[in-house]
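First up is the structure itself, then whatever we jot down about it.
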Amino acid sequence: MKELLAAPFMVEMIRTAANMYNHGWDERNGGNISLMLDGNELTEYLDPEIILRTIPTGFTAPELDGKYFLVTGTGKYFKNVQYAPEVNLGIVRLAQQGQQAELLWGYSGGGQFTSEFPAHMMSHVSRLKVDPENHVVMHCHPANLLAMTYVHPLDEREFTRTLWQMCTECVVVFPDGVNVLPWMLCGTNEIGEATAEKMKTARLVVWSQHGIYGAGKDLDETFGLIETAEKAAEIYMKIAHLPRINTITDKQLHLLEKRFGIKAREGYLN
Ligand SMILES: [Zn+2]
């Protein structure tokens, strides 16, 4: 067996958690990440027949039966992941229509996966239907996106257009825009189902007065997606109270579509 802590996916997960903490997106035990793993690759690092514990998930997701995920633990601090990965992370395989999670590694000391596991797994189901290459769901609390939900209308088209106008590259990085949920109680199947529904049409879902969800092919891409939206929100929060005398126009956004071969979400540009 190869050394699990040296596996590329593990190294990347640990670095990403540290990087997110260093960006100030994951105070205390805030934020969570789930990374879908390749079952064949995983057998180079552990024996998938050895199940340490079985943990009920509280939801059903037959689409994910037999799939493997590396997931941050509930109540765990991102800042500590790099120092004690086996305490703060776990590898689970979903079984019995997704109702059971078989723990194969991690959560040592009796922990379990993030309380936002339903939102993560339901979002994976949604994104995999749109993009079979999707592997990552990431949640965090970036300050400017959060601040924006206090002062900007939550209408998805308006919210998206504002972000696109803040940095030239935004429409290129997230042409499908940003979907927005109103404030909801977190950690429930309800917010999980609502997030998954929003994930059908965009890779970014803002949780008002709470944070954001992002999805993507790999950790880098998903981190970059949230990073770009957060940068745009930061610029908005710097200028929102000032008279705006210049902006990125719809005509210019159309030019970006042509230049980068992307298509902005239908009906979002005039
Ligand atoms: Zn949160």
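Bear in mind that the values in this text are calculations on the coordinates, not laboratory data. In this text the structure is predicted, and so the values were computed from the model without any measurement. Counting neighbours? That spans all protein chains shown, and the Cβs are built from the backbone with ideal geometry, glycine included.
About its Cα centre, the dipole of the chain is roughly 760 debye, where the only charges are +1 on Lys and Arg Cβ and -1 on Asp and Glu Cβ.
Please give the FRET efficiency for E158 paired with E193, using the beta carbon to beta carbon distance and R0 = 25 Å, rounded to the nearest 0.05. Don't jump to the answer; show the numbers that get you there.
Details: r = 24 Å, r/R0 = 0.98.
Efficiency for this residue pair is about 0.55.
Altogether, the Stokes-Einstein calculation at 20 °C and 1.002 mPa s, with the Kirkwood radius of the chain over Cα pairs as Rh, returns a diffusion coefficient of 112 µm²/s.
Counting every other Cβ atom within 10 Å of each residue's Cβ, R203, R259 order from fewest to most as R259, R203.
According to the Cα-based calculation, Rg over Rh for region 166-237 is 0.97, with Rh computed by the Kirkwood formula.
Within a straight-line Cα-Cα reach of under 13 Å, K231 can be paired with the following aspartates and glutamates, leaving aside sequence neighbours fewer than 8 residues apart in one chain: E169.
Between T54, T114, T222, the Gaussian network model of the chain with springs among Cα atoms under 10 angstrom shows the greatest mean-square fluctuation at T54. Phi angles across region 181-194 convert, under the Karplus curve 6.51 cos²θ - 1.76 cosθ + 1.60 with θ = phi - 60°, into 3J(HN,Hα) values of 9, x, 4, 9, 5, 7, x, 10, 5, 4, 5, x, 5, 5 Hz, Gly and Pro given as x. Note on Q96 and T43: the model spin-label points, each 7 Å out from Cα along the C-beta direction, lie 2.5 nm apart. Rounded to the nearest 500, the helix-only mean residue ellipticity at 222 nm of the chain stands at -11500 deg cm²/dmol, with each DSSP H run of n ≥ 4 adding -39,500 (n - 2.57).
In a fully extended conformation the segment linking Q209 and I235 would gain 7.5 nm over its present Cα-Cα distance, using 0.36 nm per residue.
What the Cβ-Cβ distance of I51 and I245 gives, at R0 = 51 Å and to the nearest 0.05, is a FRET efficiency of 0.25. The simple Förster model, with R0 at 35 Å and r as the Cβ-Cβ distance, assigns E3 and I262 a FRET efficiency of 0.30.
Exposure proxy shown here: for Y83, Y236, the number of other Cβ atoms within 10 Å sets the order, fewest to most, as Y83, Y236.
Cα-Cα over 23 Å: which of K76/K129; K79/K129; K129/K217; K198/K258; K217/K238?
Working: K76/K129 30 Å; K79/K129 33 Å; K129/K217 13 Å; K198/K258 27 Å; K217/K238 31 Å.
Table pairs above 23 Å Cα-Cα are K76/K129; K79/K129; K198/K258; K217/K238.
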